[in-house]
Amino acid sequence: MYVRMMKLCIVFVAISSVLLIAACGNSESKSAKGETSDKVEQGEIEDNSSNDPLVLYANDLTDYIADMFEENTGYKMEVVHGGGGEILSRMEAEQGNPQWDVVWTGAMSSFNGFAERGFFYEGFEPENLQYMTDERLALLPENNAYFPMSIHAAALIAYNTELIDKEKVPKSWEEFLSYEGNIAMADPAVAAPAYPVVSYIFYKNGLEETKDKFQKLFGEGRLKVFPKNGPLGQALVNGDAEVAALQEHNAYELKNSGESIDFIWPEDGAAGSVRAVGISKDTDKLEAAEAFVEFMLDPETQTALAAIDDRDSLFSPFAKGAIPDPIRDPDPYIELPDIEWASEHEAEIKEWFADQAIQ
């Protein structure tokens, strides 16, 4: 009850702060161009309500982001929702004729590959980068092709408490791969958060050694692969697996809903999924797109998003001063593989993993 009341208080304060920014024409926390709802009303900037909306491709918190952005800047937004893997596939398919202006999802290694192939508008220098710590600025590509804004655990080690005692739960990814019972994970070729998991394990333990471990699990029929984290979590609840590499959002949701599910943060680090935002190089709404990047990098926005009563609000904000969800571990141990390495090996690992899963 205390946590929920605390969260409601944060929701009120955070959203009130975002709305206050929208109402103050001289606020220091504005988009790069300084657009606010107040300025739209006063005629100081163009009213974009009659223009085509800014098109955002996103997979999380899509029920909230458009209204928050419009209230803050005056720009209309159309959100195209899809799973992370679906968004990446759609961007790939539309390479010659992008239908998106901005994208926001947790797939930084894929973003790195897209940046190398010229998908993104480059060179923008948001004012709100000032709020990012040096550690997080290190994740920013040199050409500013995309902008990391938060991180969460792409997977924790979750387990069915009716099937396994806590002391027998694997404490690390090495123990996870060596576990003698049935384990499960999401498909890295379909579920966007699953690739950071397998790329981290491959990066940490070596390509060939990790392949051998996975092949042993597949060969013995002890590893089950599910297309997404939703079905994976349900399989864990149903007892189809004893232990699973389950995304943080799903693990907390199942545990808090009263299911016989618990989880641990791996001793060798939870594999991280970095949410980033990028602008299409072909957008004809560059001013609105830049305003969206500024909006997403703002500490007030990140606090408001983290305060929403939604499982996807569980993340560590990158902006200094942003407040994470109080229900979450305040100092989670999250690790990333080298982004260049993960991007370079992405197609290889996904294809190899898919081949093993269908044999």
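The values are calculated or read from the model by the stated rules, or taken from the named source; none is laboratory data. In this text the structure is predicted, and so the values were computed from the model without any measurement. Virtual Cβ from ideal backbone geometry, glycine too; neighbours counted across all protein chains shown.
Some points to look at:
- When LYS211, LYS224, LYS216 are screened for being of a type in the set (D, E, K, R) and under 16 Å from ASN160 (Cβ atoms), only LYS224 passes.
Conditions tested, residue by residue: (1) touching a helix residue (DSSP H, G or I) at 6+ places or on another chain (Cβ under 9 Å); (2) of a type in the set (A, V, I, L, M, F, W, C).
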residue: TYR203; (1), (2): yes, no
residue: THR210; (1), (2): yes, no
residue: LYS213; (1), (2): yes, no
residue: PHE226; (1), (2): yes, yes
residue: PRO231; (1), (2): no, no
residue: VAL243; (1), (2): yes, yes
residue: ILE264; (1), (2): yes, yes
residue: GLU267; (1), (2): yes, no
residue: SER273; (1), (2): yes, no
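- Residues that are in a helix (DSSP H, G or I), surrounded by fewer than 21 Cβ atoms within 10 Å (Cβ to Cβ), touching a residue at least 40 places away in the same chain (Cβ under 8 Å) and of a type outside the set (A, V, I, L, M, F, W, C), drawn from segment 115-130: GLU116, GLU127
- Residue within segment 131-145 that is at pLDDT 95 or above, assigned to a helix (DSSP H, G or I) and small (Gly, Ala, Ser) present: no
- Residue in segment 184-191 that is surrounded by 15 or more Cβ atoms within 10 Å (Cβ to Cβ) and over 30 Å from PHE318 (Cβ atoms) present: yes
- Pick from segment 131-177, criterion surrounded by 13 or more Cβ atoms within 10 Å (Cβ to Cβ) and small (Gly, Ala, Ser), ranking: farthest from ALA245 (Cα to Cα): ALA145
- The residue of segment 213-262 that is surrounded by the most Cβ atoms within 10 Å (Cβ to Cβ), among those that are in a strand (DSSP E or B) and at pLDDT below 95, is PHE226.
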